[in-house]
Amino acid sequence: MSITKNIKRTTALVLMLAFALLCMPAVKAETTVYSESFLNGIGAAVQSGGAKLTHVTGKIFDENDDGSALYVSNRINNWDAADFRFSDIGLLNGRTYKITVKGYVDPDADVPAGSQIWLQTVNSYGWWGGVDIKAGEAFTLTGIYTVDTGSDISLRVQSNDLGASVPFYIGEIIITEQAGQAVPADDAEEQPKTPAETFTPITFENNTAEGFTGRAGTEILTVTDEANHTDGGKYSLKTEGRASTWHGPSLRVEKYVDQGSEYKVSVWVKLISPENATLQLSTQIGEGSGASYVNLVSKAVSTRDGWVQLEGMYRYNNMGNGYLTIYVESPNSPEASFYIDDISFEATGSKLDGIQKDLKPVKDVYKDKFLIGTAISPQDFEGLRFELLNMHFNSVTAENAMKPSELQPTKGNFTFDAADKLVDAAIDAGMKVHGHTLVWHQQSPDWMNTSKDAEGNTVYLSREEALENLRNHIKTVVEHFGGRVISWDVVNEAMSDNPPNPSDWKGSLRKSPWYYAIGEDYVEQAFLAAREVLDEHPEWDIKLYYNDYNLDNQNKARAVYNMVKEINENYQKTHPGKLLIDGIGMQGHYSVSTNPTNVKLSLERFIELGVEVSISELDVRAGSNFLLSEKEADAQGYFYAQLFKLLSDNADSVARVTFWGMDDGTSWRSAENPLPFDKTYKAKPAYYAVVDPEAFIEEHKPETPEANRTYAPYGTPVIDGIADEIWNDAPEIPVNRYQTAWHGASGTARVLYDESNLYVLIKVNDTQLDKGSANPWEQDSIEVFIDENNAKTTFYEDDDGQYRVNYDNETSFNPESIAEGFESAVEVSGTNYTVEVKIPFRTIKPVSNMQIGIDVQINDGSDGARQSIATWNDITGNAYQDTSVIGILAFRAKKPVTRGEAIVMIMKAYGVEPLDNWTDNFTDASGEYAGYYAKAKEIGFINGIGGNRIGADIPMTREMLYTMLYNIESLTGKIQEADISNIDLSGFYDYKELSDWSLKAVRALVKSGRLRVDGNDLLPKSFVDAEEINAILE
């Protein structure tokens, strides 16, 4: 053999191998991209919710020999947790990572059965792993996640609902980029896809499980004839033997899925036990540590509900390496058992096939009034999303990119790249940019206002250091973006919710880290720092805003008004004619139950300050579980129409209306369908309401329900939680109007009154008693709402109050000042309880037939959360701030007077003397007042009740009183004869109860102004007592 030939052959083989290697996909080795053992602090961890993150040492547990850890405490909700932002820990879009979290739970921690630590991502809330936890034991949580920056910004280490209050430690978190991620060669050919099979609905009528298996393998799944949902069928699948919340029946569905298509999944469920539980339909994508889990729909159900449908939709953009399942679980009841039947899985045919180009652009409709904006992220400048953005909006607000944590994650390390790209892209598209936000208590790095002491405890910085950080951040950021933005939210959400004393705005401030570090003037200091930068650059036309939510709450709106007024007035003392705060941003996170009158009151109040106003984060919640009925869509549209009419009417003072997102599918509140465009970018009724509010209002008149009414007899019970016989005289009012989809605890109430107090007895029927939540309104409790002057205002006045008592007789009040003199007692019987309360009258002296506003509410707590709200009248959930939504109570006469007594009282009051010697009188006139009756007949004051009888002993009613007052006023010349044919009495709720003989008198009294159509009722058949008559005569 020739050596030369061998060399040539070897060379050829090497070249062939090299060519093959070049054509093969490149494969990445596994690498660690983030590792944190918390030796020197909390690392990149960021607080989520109300959690407290603390660096601790000396905490030694399995695989944590160094003793350093992150302690996650102060937990109430499952999302009170630790976040790790992609931008802080170096995770890149499209890359797949394995996340390992090693942690521990203290031995003395209260850990409910079924508690788990979860790995989720924010903002899609995808589930990537979970692990059971027990007191005194270490845990290791793992998950594999492919980063999607279009949906998520952070990893979150949290708990499930059952573990919501459990504090825990994180000793180490390790994130590795997975090996074997291939980069395809340029000329690789795409393999043909196998078409999806058609799913045949499952009914179990063949007496088999039809592919369903237990997720844990320990569940007991049985085809049974105990229950059935199928029309004409016999069987269903029974699930028992569950031991964890995630256990349940599961079905593989990958062969029925075309990647990228959306599917509607439906399962009928029937709860067996316990009496109440939440059942949830979910889908799993992938298996093992790389699996993800998406909750499609969940419902709180009871055994009384029978069969309930769980139906949700999901678009499978990822095939999970050929492993997809649908399954039913119970997130709040590890041992719940249930039946399932009639399972369907079908493609919706929904495609993102373009935007509607024949619509009026919203920005064009309002081009002469105010800017139309939306919250954006980088992906909104591509494809169909950019088409929608460019068509309807002319201003943008960065949803996250310009917040402090994004721009200066560590001290002095300003990261403007992402924000610059977003701002430049918006400007290139011809849009205005609003900056959000410079100072906020959330999404701001801890170093700005806190530090760690020698023991690792969080402490607030000195005023001087915190002020320096605040001023430097504001100066650097405002100078960097310069005239590229038109306005800034300088301070965001500094005011506490529903402050009890809004005149003391400083005392109403949220007690945030900025507040504690700098003091109550930190808001003013922030605006001074921003104004200083603008004064150095007169060429920039930038407005400085204060921005906050829930400003339809009148207490909060007053506090903000007082703050802006005082800060601007102080500034004008040294800067005449200039404003420090140019504008107020009313965020506008509303719902269909929001009262637009409150929005109007706040808007007008802020306009009075001489500042401009913007609706800065607008959305309107309607429907639930991603579903929106026609009625709910119309109600949502009606609110949008009312709002945009209000804004148009005040356009001279409104600068911008910014929707918080473009479509329902990407909204932070997507389950409640809050925006004018749906998830396929199609216009909803809300869109048409926005572009033509007056037409929408005219064509969609809502029904206005009348308030419920009842009465209270006179009586003084003993406050002991026991229903004494005295309560039998009071009518029973049902507390069974539900504000929630889940219909839980209900009950009845009765009301009594005396000269000083109102008394309410509430009997509650419940299936379990729970006060696991730290929030009193989420505990099993009752609430009583009072509006003493029955003014039906959309905000609380001084006479209004909210009283709450839980089944343990623990009380809370809104406002706190109404607690004085309040008494309560509770009697518990099994899971039912009776509450008896005494509420002192604060601003009124009760008389018969006086009307006050009242409502009774029953809160039903379960597993530390409120699952149900039942009321007597309010269906909006706004009674805590809005008395227009509550019912009406009338006081029954303590001791009714007779007709004879009333006649004499009126005649004496008007100076009409009796006849001493009379010859003509009513046939039944007798006794000491007979002379008065004769005089009344002589002058025509009284005509009697028929048959020449006066009926002196008959109880006096209000319509009799109206007639007598009209007669005596006519006789004395105080009411002149007038045309009353045009007097409309329909403004009185009960005008149809008037007798024909009283109509003329009532119309005349209304005409003369002696009776007012002001929301109170006529109560024509109610008896009157001497106090009421004297009050009227006086």
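Coordinate-derived values only; no laboratory data. Predicted model only: the values in this text are computed from it and were never measured. Note that each Cβ is placed from the backbone with ideal geometry, even for glycine, and that neighbours are counted across all protein chains shown.
Points to keep in mind about this one:
- Looking at segment 394-587, the DSSP beta bridges with both ends there are about 25 percent antiparallel.
- Neighbour-count ranking [beta-carbon atoms within 10 angstrom, fewest first] of 421, 565: 421, 565
- Within segment 487-517: backbone nitrogen closer than 16 Å to the residue 52 label point (7 Å, Cα to C-beta): 511-514, 516-517
- Residues listed by number, segment 87-125, amide nitrogen under 18 Å from residue 40 label point at 7 Å toward C-beta: 88-90
- Relative contact order (%) - criterion: Cα under 8 Å, at least six apart; region: the chain: 6
- Where both bridge residues fall in the chain, DSSP classifies roughly 80% of the beta bridges as antiparallel.
- Shape analysis of segment 387-509 places it in the oblate category; the axes a ≥ b ≥ c from the Cα gyration tensor give an a/c of at least 1.5, with a/b not above b/c.
- Using a simple spin-label model with pseudo-atoms 7 Å out from Cα toward Cβ, residue 92 and residue 1032 lie 8.5 nm apart.
- Where GluC sites (Glu not before Pro) fall in DSSP loop in segment 326-384, at most 16 other Cβ within 10 Å: 382
- Extension gain (nm, one decimal) between residue 541 and residue 948, 0.36 nm per residue minus Cα-Cα: 138.0 nm
- Candidate lysines - alpha carbon under 21 Å from residue 369, same-chain residues fewer than 8 apart omitted: 360, 432, 543, 600, 645
- Under 5 Å from the amide H of residue 139 lie the amide H atoms of 103, 104, each residue being 5 or more positions distant or on a separate chain, with H modelled from the backbone and absent for Pro and chain starts.
- Hz values of 3J(HN,Hα) by residue in segment 718-730 - Karplus curve (6.51, -1.76, 1.60), Gly and Pro given as x: 7, 7, 9, x, 10, 7, 5, 4, 4, 6, 5, 6, 8
- Residue 140-residue 421 FRET efficiency (beta carbon distance; Förster radius 35 Å; 0.05 resolution): 0.35
- Pair-distance distribution of the chain: all C-alpha pairs, bin width 20 Å, starting at 0; shares per bin in whole percent are 11, 34, 34, 14, 5, 1, 0, 0.
- Once C-alpha pairs closer than 8 Å and six or more residues apart are averaged by separation and normalised to the residue number of segment 213-347, the relative contact order reads 36 percent.
- Stretch gain in nm, segment residue 386-residue 775, where the contour uses 0.36 nm per residue and the Cα spacing is subtracted: 135.8 nm
- FRET efficiency, 1/(1 + (r/R0)^6) with R0 22 Å, evaluated for residue 110 and residue 131 via beta carbons: 0.75
- Couplings for segment 789-802, taken from phi via the Karplus curve 6.51 cos²θ - 1.76 cosθ + 1.60 with θ = phi - 60°, read 8, 6, 7, 6, 6, 7, 9, 7, 9, 5, 8, 9, x, 10 Hz in order; Gly and Pro are left as x.
- If the segment from residue 695 to residue 740 were pulled out straight at 0.36 nm per residue, it would be longer than the present Cα-Cα gap by 13.1 nm.
- Each peptide in 511-522, 920-931 receives the mean, over its residues, of other Cβ atoms within 10 Å, and ordering these scores from highest gives 511-522, 920-931.
- With N as its number of residues, segment 394-587 has a Cα radius of gyration that, divided by 2.2 N^0.38 Å, comes to 1.02.
- Close amide H pairs (under 5 Å, H built 1.01 Å from N) link residue 621 with 590, 591, 592, residues at least 5 positions away or on another chain.
- Alpha carbon centroid spacing (whole Å) that separates segment 898-942 from segment 958-1034: 21
- Temperature 25 °C, viscosity 0.890 mPa s: under these conditions the Stokes-Einstein estimate for segment 484-572, based on its Kirkwood radius over C-alpha pairs, is 178 µm² per second.
- Where Rh is the Kirkwood radius over Cα pairs, Rg/Rh for segment 213-347: 0.96
- The simple spin-label model puts a point 7 Å past each Cα toward its Cβ; for residue 986 and residue 364 those points are separated by 4.1 nm.
- Relative contact order [Cα under 8 Å, 6+ residues apart], segment 899-1033, whole percent: 25
- Cα-based convex hull, segment 677-830, per residue volume (Å³, whole number): 188
- For segment 667-712, the set of GluC sites (Glu not before Pro) satisfying both a DSSP loop assignment and a count of at most 13 other C-beta atoms within 10 Å is given as 703, 706.
- With a Förster radius of 45 Å applied to the C-beta separation of residue 768 and residue 480, the computed FRET efficiency comes to 0.20.
- When only alpha carbons are used to place a centre, segment 227-242 and segment 837-879 end up 42 Å from one another.
- Amide H to amide H, with H built 1.01 Å from N, residue 297 comes under 5 Å of 281, counting only residues 5 or more places away or on other chains.
- Per-residue 3J(HN,Hα) values for segment 479-492, derived from phi via the Karplus relation 6.51 cos²θ - 1.76 cosθ + 1.60 with θ = phi - 60°, read 5, 4, 7, x, x, 6, 10, 9, 6, 10, 7, 6, 10, 10 Hz in sequence order (x marks Gly and Pro).
- Label-to-label distance, residue 631 versus residue 971, with points set 7 angstrom from Cα along the beta-carbon direction: 5.4 nm.
- Top positive-direction residue, dipole computed over segment 496-570 with Cβ charges, set 542, 523, 513: 513
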